[in-house]
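A.B. asks: The structure under discussion is supplied below as structure tokens; questions concerning it will follow.
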Amino acid sequence: MNGRKSVFKDESKLDINYVPKTLPHREKEHRLLMEFFSFLLRFSEKMSQRIIITGEVGTGKTVLAHRFGADITLQANKQKVKLRYVHVNCREYRGKIFLILQHVLTIFRPNFPKRGYSSEEILDMLFQILDEENTHIILTLDEFDTLIKNEGSETVYKLTRLQEIRSGKPQRISAIFILRDLSLIDKLDDSSRSTLQRNIIRLIKYRRNQLIDILNERIALGFNLYSVNEDVISSIAELGFSESGNARFAIDLLWRAGKYADASDKEVVTAECVREAISSIFPTIRKNELDSLSLHEKIFLLAIARFFNNNENAYTSLSEIEEYYAIACEEFNEKPNSHTQIWKYTQLFSALGILKIEVTATSKRGRSTKISLPSIPSKELEKELSAALRNNNM
Ligand SMILES: Nc1ncnc2c1ncn2[C@@H]1O[C@H](COP(=O)(O)OP(=O)(O)O)[C@@H](O)[C@H]1O
Ligand SMILES: [Mg+2]
């Protein structure tokens, strides 16, 4: 791109999947994990380990496990110990133990046929392979909440006792369970629970200054020197802190602000870039909300988005929206709902914080309603809704 400057030195360092060499403010937890598993490097056949990592969204659970996995593998290699770290996100396998085990097996036997075996059989084969190869695996089950919810306690019971079933044979599988909601393990039977409760690592939400350290580290890796100033860093940390100490939110915001700086040819990331980045994040945060709307609620909101896309006005009225709504209904072959229903939609979206309603008194006809869309860019909203409606139609 004809030598245009960028605030980024290496954008990949801001990617959600990037695992930094060091994790500020998680050093203690990292050391603890290394200690919990250090015996594996000496007598991997004699013991296995089970650990829970728990904490809110964006507290570094996933990145901590990955960092630990890479570090312990490195040590094992140095000492010529056969150890493999396997990280599986249970949500990606819809919380189904069968699919998860199948995936783990194909890491060792890529051509393994996908059909015809039960979970128990797959597990047996996995143990057999690990015996043959004389290998121990540390299996991390990330977003374990989805597995508990989907499979219930019996499967979890089995998972916690994998080794006991094979008494006398070499130990082959250790596990790290990553769990957001610790209360889910209260539902398990006593023995699974007591096994799991012994080794819990709790990640506490990051405070503002901790987020500043994390951001500074990423900036050093990913941005050019002096392209993000301190004020901007502390405002992003503040926002991450109010999003419940969420480092993911903060890093994502930093990256987006950098993109806005590049888009407007700025050499530094300014506060305005951060504001633009925030308004770009809201629709994506609301995606889940949009998905749960009914067909007509979506069409109604699409009409609003279109109105503000086509008009510079900051406000609209109920009757103008009704016209846009009727046109949109035609497009989707739907019969428009009544005026009363439309008023209800307006109130719903006001309650959800998407629309703002102001009722003003006018001279003769009584009252009029002014409707605005204060914080979501209408282009984004239209795009998201069009996509959601397309899914609806499929
Ligand atoms: N202590 C830390 N140092 C550097 N980056 C961190 C730290 N904690 C979290 N992150 C980063 O913040 C984001 C969210 O962390 P993640 O591990 O995905 O959180 P969780 O799994 O708890 O939701 C990731 O991009 C991760 O790399
Ligand atoms: Mg995670």
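A.B. asks: What is the local net charge at V232, summed over the other residues whose Cβ is closer than 12 Å to its Cβ (Lys, Arg +1; Asp, Glu -1)?
C.D. replies: Neighbour charge sum, excluding V232 itself: -2.
A.B. asks: What is the calculated FRET efficiency for E154 to V359, with r their C-beta to C-beta distance and R₀ = 35 Å, to the nearest 0.05?
C.D. replies: Given R0 = 35 Å and the Cβ-Cβ separation, E is 0.05.
A.B. asks: Count the DSSP beta bridges whose two residues both fall in the chain, then state the antiparallel fraction as a percent rounded to the nearest 5.
C.D. replies: Within the chain, antiparallel bridges account for around 30 percent of the total.
A.B. asks: H30: net charge of surrounding residues, Cβ under 13 Å, Lys/Arg +1, Asp/Glu -1, itself excluded?
C.D. replies: Result for the neighbourhood of H30: +2.
A.B. asks: Can you sort T340, T140, T195 from fewest to most other Cβ atoms within 10 Å of each residue's own Cβ?
C.D. replies: With the fewest neighbours first, T340, T140, T195 line up as T340, T195, T140.
A.B. asks: Also, I was wondering about something else. Compute the angle between helix 208-222 and the longest alpha-carbon principal axis of the chain, please, reported from 0 to 90 degrees and rounded to the nearest 10.
C.D. replies: Computed tilt is about 80 degrees.
A.B. asks: Relative contact order for region 27-203 using alpha-carbon pairs under 8 Å, separation at least 6, rounded to a whole percent?
C.D. replies: The value is 36 percent.
A.B. asks: Could you work out the local net charge near I97, counting Lys and Arg as +1, Asp and Glu as -1, over the other residues with Cβ closer than 11 Å to its Cβ?
C.D. replies: Here the charged neighbours net out to 0.
A.B. asks: By what distance, in whole Å, do the Cα atoms of region 206-282 stretch along each of the three principal axes, largest value first?
C.D. replies: Principal extents (largest minus smallest coordinate, Cα): 32, 27, 17 Å.
A.B. asks: Report the Cα-based extents of region 121-170 along its three principal axes, largest first, to the nearest Å.
C.D. replies: Answer, in whole Å and largest first: 34, 20, 17 Å.
A.B. asks: Using Cα pairs closer than 8 Å and at least 6 residues apart in sequence, work out the relative contact order for the chain, in percent.
C.D. replies: RCO, the chain: 18 percent.
A.B. asks: S350 to Y226: FRET efficiency via 1/(1 + (r/R0)^6), r the Cβ-Cβ distance, R0 30 Å, to the nearest 0.05?
C.D. replies: Result of the calculation: an efficiency of 0.10.
A.B. asks: Can you sort W343, W255 from fewest to most other Cβ atoms within 10 Å of each residue's own Cβ?
C.D. replies: Final ranking by Cβ density, sparse to dense: W343, W255.
A.B. asks: Let's test the formula: R0 of 35 Å, r as the Cβ-Cβ distance of K21 and L99. What FRET efficiency results, to the nearest 0.05?
C.D. replies: The computed FRET efficiency comes out at 0.60.
A.B. asks: A further question on this structure: List, largest first, the extents of the alpha carbons of the chain along their principal axes, each in whole Å.
C.D. replies: On the principal axes, the chain reaches 90, 52, 41 Å in Cα extent.
A.B. asks: Okay, moving on. What is region 27-203 by shape, rounded, prolate or oblate, if you read a ≥ b ≥ c off the alpha carbon gyration tensor as root eigenvalues and call it rounded for a/c under 1.5, prolate for a/b larger than b/c, and oblate otherwise?
C.D. replies: Verdict is rounded for region 27-203.
A.B. asks: Dividing the Cα convex hull volume of region 26-126 by residue count, how many Å³ per residue is that?
C.D. replies: Cα convex hull per residue, to the nearest whole number: 124 Å³.
A.B. asks: In degrees, nearest 10, range 0 to 90: what is the angle between the Cα axis of helix 247-263 and the longest Cα principal axis of the chain?
C.D. replies: 50
A.B. asks: Continuing with the same structure: D for region 288-393, whole µm²/s, Stokes-Einstein with Kirkwood Rh over alpha-carbon pairs at 20 °C and 1.002 mPa s: what number?
C.D. replies: My calculation gives 153 µm²/s for D.
A.B. asks: Each residue of region 189-199 in order: what ³J(HN,Hα) in whole Hz does its phi give by Karplus 6.51 cos²θ - 1.76 cosθ + 1.60, θ = phi - 60°, with x for Gly and Pro?
C.D. replies: Per residue, the Karplus-derived 3J(HN,Hα) values read 5, 3, 6, 4, 5, 5, 4, 6, 5, 5, 10 Hz.
Laboratory data are not the source of any read-out in this text; all were calculated from the coordinates shown. Note that the structure is predicted; figures quoted are calculated from it, not measured. All Cβ positions, glycine included, derive from the backbone under ideal geometry; neighbour counts span all protein chains shown.
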